[in-house]
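Asks: Let me give you the structure first, and then I'll get to my questions.
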Amino acid sequence: MRVYLTGFMASGKSTVGPEAAARLGQPFLDLDRLITAHDGRSIPAIFAEDGEEYFRGLERDLLRRTAETDDLVVALGGGALVDETNRAFAKEHGLVLYLEAPVDTLLDRVADDDTRRPLLEDDTGTRLPRTEQRARIEGLLETRRPAYEAAHHTLAADRPVEAVVAGVVEVVSEQARSEQVRSE
C-alpha cells in the first residue's frame, strides 16, 4: 500500500515516515529530498533562485513518480497537497495521513532544529523572530487546513514519535485488512 504523510513543516513526517516504513516493511521516500536530489539544489536555493512556483512544479512532477511503486511510505512537503490536483492524485493513489500538531509544538520543533525553512524567513533569508514565525505558521495553517483535513485519516502528532509511528502502522494495517475483506 502506498502511504502519503502530510502535515505542516515540523509535524514529524520525515521522522515518523522512516520508522513507520520500517515497521511496515516498505521503502521510505522523502519528497523534499527527492526534489533536492533531482534538482541539485537545496529547497531554500530553489525558492531563492527560481521561486515557489518553480518548486511546486518540481514537487508535482515528482509526486507523480511515486505511483510507480506500490508499497511505499512518502513524506510530502508541508504544502504539497494544497494544490488540488496533487491532493486528488495522492488520495487516488494511496492512503493520505495528516500528522496534526498544535502551533506551539510546531514552533518548538522549528526552534530546535537548524533546518532552513524559507517560509519562516524574511526576504534576506534571515529567520523570523518567534512572534512573526507564530503569525506566519497560523496564517499558513489556516490556508492549508482544508487540504490537510481532506486526508483519509488524521493522527495527533504532538505525541512521542513511537506513538505516532504506532498510529500510522495501525491505520495502514486496518486499511489493508479492510481492502482484503472487500476483495474477497
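Asks: At a Förster distance of 45 Å, what's the computed FRET efficiency of GLU184 paired with GLU138, Cβ-Cβ distance as r, to 0.05? Show your work: numbers first, answer last.
Replies: Values: r = 47 Å, r/R0 = 1.04.
Given R0 = 45 Å and the Cβ-Cβ separation, E is 0.45.
Asks: A follow-up question, please. Just need log10 I(q)/I(0) for the range 24-66 at q = 0.30, 0.33, 0.35 Å⁻¹, Debye formula, equal scatterers on the alpha-carbon atoms, no solvent, rounded to two decimals.
Replies: -1.09, -1.23, -1.30
Asks: Compute the signed sum of charges (Lys and Arg +1, Asp and Glu -1) over the other residues within less than 15 Å, Cβ to Cβ, of GLU49. List each step's numbers first, then the result.
Replies: Values: positive: ARG41, ARG56, ARG116; negative: ASP39, ASP50, GLU52, GLU53, GLU121, ASP123.
Counting the neighbours of GLU49, the net charge comes to -3.
Asks: Separate question: Return, ordered by residue number, the residues of the range 51-65 whose backbone nitrogen is under 15 Å from a label point located 7 Å along Cα→Cβ of THR85.
Replies: Label zone hits: 53-65.
Asks: Within the range 141-159, what residues put their amide N at less than 11 Å from the label point 7 Å along the Cα-to-Cβ vector of ASP71?
Replies: Of the residues in the range 141-159, none has backbone N under 11 Å from the label point off ASP71.
Asks: I would also like to ask the following. At a probe radius of 1.4 Å, what is the per-residue accessible area of VAL110, in Å² to the nearest 10?
Replies: In the full protein context, VAL110 sits at about 0 Å².
Asks: Summing +1 for each Lys or Arg and -1 for each Asp or Glu, what net charge is found among the other residues whose Cβ lies under 15 Å from the Cβ of ASP123? Please report the intermediate quantities before stating the final value.
Replies: Values: positive: ARG116, ARG117, ARG127, ARG136; negative: GLU49, GLU52, GLU121, ASP122, GLU132.
Charge balance near ASP123 sits at -1.
Asks: Give me the accessible area per residue for the range 9-123, probe 1.4 Å, as a whole number in Å².
Replies: Working: 5420 Å² over 115 residues.
Solvent-accessible surface per residue comes out at 47 Å².
Asks: Sticking with this structure for a sec: How many nm is it between the label spots at ASP114 and ARG33, if each spot is 7 Å from the Cα in line with the beta carbon?
Replies: About 1.9 nm, to one decimal.
Asks: Now a separate question. Please report the antiparallel percentage of DSSP beta bridges with both residues in the chain, rounded to the nearest 5.
Replies: Values: 1 of 16 bridges.
Close to 5 percent.
The values are calculated or read from the model by the stated rules, or taken from the named source; none is laboratory data. A quick note: this is a predicted structure, and the numbers were derived from the prediction, not measured. We place every Cβ from the backbone using ideal geometry, glycine too, and count neighbours over all the protein chains shown. Side chains included, ligands, DNA and RNA excluded: accessible areas come from the protein's heavy atoms. Shrake-Rupley method; radii C 1.70, N 1.55, O 1.52, S 1.80 Å.
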